[in-house]
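Remarks on the structure that follows.
The values are calculated or read from the model by the stated rules, or taken from the named source; none is laboratory data. Treat the numbers as computed from the prediction; the structure is a model and nothing was measured. Don't worry about glycine lacking a Cβ; one is built from the backbone with ideal geometry, like all the others, and counts go over all protein chains shown. Note: areas computed on protein heavy atoms with side chains; ligands, DNA, RNA excluded. Shrake-Rupley method; radii C 1.70, N 1.55, O 1.52, S 1.80 Å.
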Amino acid sequence: MRPFEFIKPDSEASAIELLGKLSPNVRILAGGTDYLVDLKHTADVPKTVMDISRLPELKGIDEVDDGLRIGAGVTHTEIMQNPLIKKYAPAMIHAAHTIGAVQTRNLGTIGGNLVTCVPSMDSGPTLVALDAEVNIVGKDGTRRISLTDLFVGPRKTSLKSNELLTEIIIPKRSLGKPANFYKFGLRKGQALALVNAASSLWIKGGCFKDLRISIGAVAPVVIRCLKAEKYLEGKKIDEKLVKEAGNIAVTEAKPIDDFRASQSYRNDLIAVLVTRTINAAIDLADKD
Amino acid sequence: MADNREITIKVNGKDMTTYVETRLSLGDVLREHFHLTGTHLGCEHGVCGACTVVVDGEPIRSCLMLGVQAHGKEVTTVEGLSKGEDLHPIQEAFWKNHGLQCGYCTPGFLTTLFSFLENNSDPTEREIREAISGNICRCTGYQNIVNAALDAAKVMKGS
């Protein structure tokens with residue numbers, strides 16, 4: 001690893017100020033489970049690395065007026081153990097559990113998983129399916145965007161170099177919404193997703209309401225399957241229709257062909273995973 | 001430009017201070033500055049688990065934390081498990097069950113299981129396999145390691 005200057009601000013405010021002053025010659029280090037690996041392999045080391053892993057403002061999971069606030073610096077282990085997540089968004093616990101192994105989940109953060117923005121990120125689909133939003137702070141203040149607007153491309157987000165993602169908000173309307181996440185990798189432990197998927201839904205009068213379907217690892221970024229959602233929205237629950245929604249979702253993805261799996265295998269997986277996550281969410285939902 | 005810092009880490013119960021380059025991993029600091037060579041660096045990119053140490057009660061990969069990030073924290077390495085010549089029950093169980101061959105991965109398994117068994121006094125075999133899913137052994141396979149963990153759990157529960 002090449003040398004760099006290391007700074008560790010003690011508050012969010014001073015981190016933002018330093019970012020403003022030093023960008024674009026500064027990079028942010030949180031859990032380090034992705035970024036330190038990058039730093040070891042690249043010649044393109046920034047002048048300064050700013051450690052935000054101990055900023056108190058980025059910690060904590062709290063109920064707020066407009067939903068559930070998850071600090072960007074919360075680790076995957078903390079998500080798995082949190083009673084509010086268990087109560088309001090248990091699918092996130094399952095998603096966090098599929099990330100890396102215990103040693104990486106103890107370090108890696110949910111904010112880091114999102115801003116690293118690899119297409120196979122396992123935090124993405126569930127949060128997208130729950131209409132999550134993120135708070136981004138820069139020197140001109142805070143802006144709130146939908147999580148899907150954060151994702152631009154592989155390892156590319158809409159964050160500016162002087163901005164920090166500070167919080168993830170699950171809106172009130174999604175709290176307790178029946179949802180399911182499913183990851184398919186080549187092994188049980190420490191595998192990248194070939195495909196991952198999450199669905200959430202309400203059932204009203206026996207029909208789908210506010211259905212959300214999100215898939216990862218099969219497009220440049222985690223995506224919502226808008227056509228598949230539209231196909232089912234308002235229709236009566238029916239296994240055949242769910243299966244067809246899985247097929248429609250395939251048309252919305254652009255999976256790659258690589259050494260882990262062929263494109264056609266990934267396409268088959270999309271249909272299966274979308275179908276399974278919808279059916280699992282139906283099982284969780286109140287049926288009146 | 002090299003950037004150096006003085007750091008103090010409580011390692012195995014003892015405050016240790018050194019002056020390190022900021023780019024050095026915690027694993028390298030433990031081995032090269034504190035001469036605690038029980039921590040083994042394997043893949044050095046967060047996959048093999050050989051370098052696992054316990055930081056503030058949680059097992060982490062010492063190749064994925066900078067030494068400067070560990071400033072002010074408490075670290076337990078494999079050297080901190082035994083009491084002098086008395087092996088920790090997990091070490092004893094690895095020995096009795098032949099839970100190792102070449103031994104390269106062993107410090108990582110021991111520290112991972114140390115942390116796991118401290119918090120789970122009566123684990124199932126499945127839970128143990130899950131707990132060590134971030135540690136790779138290329139010699140023994142995992143059967144004897146799992147047997148050792150089950151044995152150690154019994155001993156630790158009784159003590």
*Out of the stretch A:84-103, which residues are touching a helix residue (DSSP H, G or I) at 6+ places or on another chain (Cβ under 8 Å) and closer than 13 Å to B:Thr52 by Cα?*
A:Val102, A:Gln103
*Do we have A:Asp258 as assigned to a loop (DSSP other than H, G, I, E, B) and either open to solvent by 10 Å² or more (accessible area, probe 1.4 Å) or at pLDDT below 95 (or both) here?*
yes
_Taking the criterion of being open to solvent by 20 Å² or more (accessible area, probe 1.4 Å), closer than 17 Å to A:Leu58 by Cβ, part of a strand (DSSP E or B) and among the hydroxyl-bearing types (Ser, Thr, Tyr), would at least one residue in the stretch A:107-123 satisfy it?_
no
*Count, please, the residues in the stretch B:134-154 that happen to be open to solvent by 40 Å² or more (accessible area, probe 1.4 Å) and either assigned by TED's automatic domain parsing to the domain that holds B:Thr52 or within 21 Å of A:Thr98 (Cβ to Cβ) (or both).*
2
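A quick yes/no check of all residues on (1) hydrophobic (A, V, I, L, M, F, W, C); (2) under 12 Å from the mean Cα position of the chain (by Cα); (3) at pLDDT 95 or above; (4) assigned by TED's automatic domain parsing to the domain that holds A:Thr157:
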{"site": "A:Val102", "(1), (2), (3), (4)": "yes, no, yes, yes"}
{"site": "A:Gly111", "(1), (2), (3), (4)": "no, yes, yes, yes"}
{"site": "A:Val115", "(1), (2), (3), (4)": "yes, yes, yes, yes"}
{"site": "A:Asp131", "(1), (2), (3), (4)": "no, yes, yes, yes"}
*Would you point out the residue of the stretch B:114-133, among those that are outside any helix (DSSP H, G or I) and under 19 Å from A:Gly100 (Cα atoms), that is least open to solvent (accessible area, probe 1.4 Å)?*
B:Ile132
_Report every pair of residues separated by at least 6 positions or lying on different chains whose Cβ atoms are under 7 Å apart, first residue within the stretch B:91-102 and assigned to a helix (DSSP H, G or I), second among the polar types (S, T, N, Q)._
B:Gln91/B:Ser82; B:Phe94/B:Thr106
_Please return the ranges of helices (runs of 4 or more DSSP H) entirely within the stretch A:124-233 where 2 or more residues are under 18 Å from A:Ile85 (Cβ atoms) and touching a Leu at 6+ places or on another chain (Cβ under 7 Å)._
A:124-129
_Between a residue in the stretch A:75-101 that is closer than 16 Å to A:Met121 by Cβ and any residue that is among the β-branched types (Val, Ile, Thr) and assigned to a loop (DSSP other than H, G, I, E, B), which pairs come within a Cβ distance under 8 Å, given they are 6 or more apart or on different chains?_
A:His76/A:Ile99; A:Gly100/A:Thr33
*Quick one: is B:Cys48 buried (at least 20 other Cβ atoms within 10 Å of the Cβ), under 13 Å from A:Ala101 (Cα atoms) and more than 7 Å from chain A (Cβ to nearest Cβ)?*
yes
*Would you check which residues across the stretch A:24-36 are surrounded by 18 or more Cβ atoms within 10 Å (Cβ to Cβ) and either farther than 13 Å from B:His45 by Cα or at the interface with chain B (Cβ under 8 Å from one of its Cβ atoms) (or both) and list them?*
A:Val26, A:Arg27, A:Ile28, A:Leu29, A:Ala30, A:Gly31, A:Gly32, A:Thr33, A:Leu36
_For the stretch A:250-288, which positions are within 27 Å of A:Gly205 (Cβ to Cβ) and of a type in the set (Ser, Thr, Tyr)?_
A:Thr275, A:Thr277
*Quick one: B:Ala70 ticks every box in (1) open to solvent by less than 10 Å² (accessible area, probe 1.4 Å); (2) free of Cβ contacts under 8 Å to residues at least 12 places away in the same chain except a single one, so which number is it?*
(2)
*Subset tally (residues that are open to solvent by 20 Å² or more (accessible area, probe 1.4 Å), out of contact with any Gly (no Cβ under 8 Å at 6 or more places or on another chain) and either within 14 Å of chain A (Cβ to nearest Cβ) or outside any loop (DSSP other than H, G, I, E, B) (or both)) for the stretch B:75-90*: 4
*Matching residues, the stretch B:1-31, being farther than 21 Å from A:Lys40 by Cβ and within 14 Å of chain A (Cβ to nearest Cβ)*: B:Glu6, B:Tyr19
_Leading residue by the ranking (nearest to B:Ala148 (Cα to Cα)) among those in the stretch B:96-113 that are among the hydrophobic types (A, V, I, L, M, F, W, C) and surrounded by fewer than 23 Cβ atoms within 10 Å (Cβ to Cβ)_ = B:Leu100
*Give the stretch A:192-210 a look and list any residue that's of a type outside the set (Asp, Glu) and farther than 16 Å from A:Gly124 by Cα, or say none.*
A:Leu201, A:Trp202, A:Ile203, A:Lys204, A:Gly205, A:Gly206, A:Cys207, A:Phe208, A:Lys209
_Residues located in the stretch A:2-21, provided they are open to solvent by less than 60 Å² (accessible area, probe 1.4 Å) and either within 14 Å of another protein chain (Cβ to nearest Cβ) or under 19 Å from B:Leu26 (Cβ atoms) (or both)_ = A:Pro3, A:Phe4, A:Glu5, A:Phe6, A:Ile7, A:Pro9
*In the stretch A:37-48, what count of residues is obtained for those that are without any contact (Cβ under 8 Å) to a residue 40 or more places away in the chain and either within 19 Å of B:Val68 (Cα to Cα) or facing another protein chain (nearest Cβ under 9 Å) (or both)?*
5
*Quick one: A:Asp51 ticks every box in (1) open to solvent by less than 10 Å² (accessible area, probe 1.4 Å); (2) more than 14 Å from chain B (Cβ to nearest Cβ); (3) acidic (Asp, Glu) except a single one, so which number is it?*
(2)
*asked:* For B:Phe34, only one of the following conditions fails: (1) more than 9 Å from chain A (Cβ to nearest Cβ); (2) open to solvent by 40 Å² or more (accessible area, probe 1.4 Å); (3) over 14 Å from A:Gln103 (Cβ atoms). What is its number?
replied: (2)
